[in-house]
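Bear in mind these aren't lab numbers, they're just calculated from the coordinates by the rules spelled out. Just so it is clear, the model here is predicted, and its values are computed rather than measured. Note: ideal-geometry Cβ built from the backbone for every residue, glycine included; neighbour counts use all protein chains shown.
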Amino acid sequence: MNRLAPSRATRWIIGILVGAFFAIPLISTFLYTLRTADGGASFERWAALLDPAASATIKPIWTGLGNSLILALVTVVIVLLLLAPTMILVNLRFPRLRPIFEFTVLLPISIPAIVLVVGLTPLYLQIGRTLGTGTWTLAFAYGVTVLPFAYRSIQASIDAADLRTLSEAARSLGASWPVVVWKVLAPNLRQGLLSASLISIAVVLGEFTIASLLNRQVFQTAMVVVGKQDAYAPAIFTLLALLFCFLLLLIIGRAARGNRKATS
Amino acid sequence: MTATIAGVDAAASTPTTAGPELPARRSGLSWAWLGLVPFSAYVLLFLAVPTVLAVGSGFFDGDGSFTWTNVAALGDPVVLNTFANSAWVSLLTAVVGAVVGALICYAMLGMNPQGAVRQTVDAAAGVLAQFGGVMLAFAFIATIGAQGVITVLLRDSFGFDMFENGMWLYEVPGLILPYIYFQVPLMVITFMPALAALKPQWSEANLTLGGTRLGFWTRVGIPVLAPSFLASLLLLFANAFSSYATAAALASQGSQIVPLQIRAALTSETVLGRENLAGALALGMIIIVGVVMALYSLIQRRAARWQS
């Protein structure tokens, strides 16, 4: 038994007080979505989301959600095809570069998105001219904002797996480098790659600053647009999106737990 | 699963440049650096260039010639006032968030980190701290907005009007509750590892030597945790200071805090009669956040010493 732990009573008092502070806005938001014009309560606003006739005002949210999902996909591709291979390379062949590499990928934590967007504005003028003004190009900027999150997830897996021994064993058995990475290293990093992908999806779905100031329509910007006419639909989507991200993080947590059990 | 396979496929491509058929490691190494090129180019283009552009643009006027006038605008009373607003909101919510967050960490002490409660709290804290943004603004509008559930409840059942003295939810004081709502979870995420690293043996040693529980906390626990607490507090301050989404969704116009003033400078050509003011504001912001984050990592490194 941990002697530092608080008593049961203390634990419950803190839990109830803080739990109430966090539960009230969420419960209120839920009750808010049930409110009807005559003061009653019903799920008609939830049902209206799927009703094509009633959903003209909330159409931007569906469009934005579609754009955000495409962005999430491209961002995950950047994480898996660009960040992950580079991390393997740095860990295997350039261990002395690790500190500077780590400093670089953690840097976006210290640079506010609102500052980054000031510099991204002229950059995206150029991108607009060459690659078009499609929403998907935002994924390049998002790839940078997810770097710290994705790095931590993947590095945890790299630290748990002995990449050097694995790759040397495979090499000495005659495997080529592509085979080593594909069939030996990547399966051992599966956990980290999965977590990095899921957390990237969560970051992209919640991103507002960059999209809003570069005038791209994504999930969050659409909610603000719709919210000006209809305050209820964004409230419903808020609850659904928070729940979705919560489940993503719960999966990441469980996956990490399974990983730890497997390695210990 | 398909995502992992895609990753594998891609992962294969980079080390190919290391020369798969070269027998000796040394000769392979000379080509291996080529594998670093794509990522370096990406980071240069989308992290280094925007940062330099953001900070540098404040030194140039609309025609591209060097000027100090934008940076001098940081001394303008209007700009100083928004920096002051940002600073006090960030400081207040950081202190409240740090204290409440530390209490939650304390309450969870001794619980199994793999247990259901810890896993749920961790996931919930992650969502609210990192992905809330605009959605927290909507939740608070639904709760304490003009027609919010709590506003209506207080007004109809208790005759208490929260907005008797005007609608403050869309002003600077309105940011406090939503900000605390994401600051507390961030504190839980950053401070829990430090608290969990306190060794129960220290408490046992203290008790064996005749110390009290209170004595343990005042003489051992709190002094040992103080650096971690301070580091987390700095992180929370920087977090609130850089936060944009919640404030932007609550206050659709106006420039009450620095990020909103950057929005105003970006969306309209001239603010305070100056072009490129956004660059100057970004410079001011990155200096403050940069100093705070540098202090954070300095203290964090100091705090990590006894944890290992």
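Counted residue by residue at 0.36 nm each, then reduced by the alpha carbon distance between them, the extension gain from B:Phe60 to B:Phe163 reaches 32.7 nm. Using every pair of separate Cα atoms, the Kirkwood estimate puts the hydrodynamic radius of the protein assembly as shown at 25.6 angstrom.
Of B:Asn206, B:Asn165, B:Asn239, the residue with the greatest mean-square motion in the GNM of chain B, using alpha carbon springs below 10 Å, is B:Asn165.
The calculated FRET efficiency for A:Trp46 paired with A:Leu247, based on their beta-carbon distance and R0 = 22 Å, is about 0.75. Counted residue by residue at 0.36 nm each, then reduced by the alpha carbon distance between them, the extension gain from A:Ile16 to A:Trp136 reaches 38.8 nm.
Backbone amide hydrogens, once placed in the peptide plane, bring B:Phe60 within less than 5 Å of B:Thr67, excluding anything fewer than 5 places away on its chain. Its relative contact order, with pairs defined as Cα atoms under 8 Å and 6+ residues apart, puts chain B at 27 percent. Note on chain B: along the principal axes its Cα atoms extend 83, 74, 41 Å, ordered by decreasing extent. Divide the volume of the convex hull around the Cα atoms of segment B:140-227 by the residue count and you get 163 Å³ per residue.
Taking other C-beta atoms within 10 angstrom as a stand-in for reagent exposure, A:Glu207, A:Glu168 fall in the order A:Glu168, A:Glu207, fewest first. Across the alpha-carbon set of segment A:130-264, the Rg to Rh ratio works out to 1.12, Rh being the Kirkwood radius. Cβ crowding within 10 Å, taken as a proxy for footprinting-reagent exposure, orders A:Tyr124, B:Tyr42 from fewest neighbours to most as B:Tyr42, A:Tyr124. Between A:Val77, A:Val218, A:Val118, the residue with the greatest mean-square fluctuation in the GNM of chain A (Cα pairs under 10 Å linked by springs) is A:Val118. Charge dipole (Cα centre; +1 on Lys/Arg Cβ, -1 on Asp/Glu Cβ; no other charges) of segment A:59-263 amounts to roughly 360 debye. Annotation note: chymotrypsin sites (Phe, Trp or Tyr not before Pro) in segment B:49-128 located in DSSP loop regions with a Cβ neighbour count of at most 14 within 10 Å are B:Trp68.
Ordering A:Lys228, B:Lys199 by the number of other Cβ atoms within 10 Å of each residue's own Cβ, fewest first, gives A:Lys228, B:Lys199.
In the protein assembly as shown, helical runs assigned H by DSSP with n ≥ 4 each contribute -39500 (n - 2.57); averaged across all residues and rounded to the nearest 500, the mean residue ellipticity at 222 nm is -22000 deg cm²/dmol. Taking B:Ser243, B:Ser228, B:Ser65 as the candidate residues, the one with maximal mean-square fluctuation in a Gaussian network model of chain B, Cα springs under 10 Å, is B:Ser65. Listed by number, the DSSP H helices of chain B that run 27 Å or longer by alpha-carbon position along their axis and have mean Kyte hydropathy of at least -0.5 are B:77-108, B:176-196, B:222-242, B:277-303. Here A:Gln229 and B:Leu34 are evaluated by their C-beta separation; at R0 = 41 Å the FRET efficiency comes out at 0.15.
Membrane-span-like helices in chain A, defined purely by DSSP H runs whose alpha carbon atoms cover 27 Å or more axially and whose average Kyte-Doolittle hydropathy reaches 0.0, are A:8-34, A:59-78, A:138-160, A:232-263. Taking only the C-alpha atoms of chain A, the Rg (one decimal) and the largest Cα-Cα distance, Dmax (whole number), read 22.7, 76 Å.
For the pair A:Lys59 and B:Gln114, a Förster radius of 51 Å applied to the C-beta separation gives a FRET efficiency near 0.70, rounded to the nearest 0.05. Each residue, B:Leu154 and B:Ala41, gets one label point 7 Å from its Cα in the Cβ direction; the gap between the two is 5.7 nm.
Partner aspartates and glutamates whose Cα lies under 19 Å from the Cα of A:Lys183, excluding those fewer than 8 positions away in the same chain, are identified as A:Asp159, A:Asp162, A:Glu168, B:Asp9, B:Glu21.
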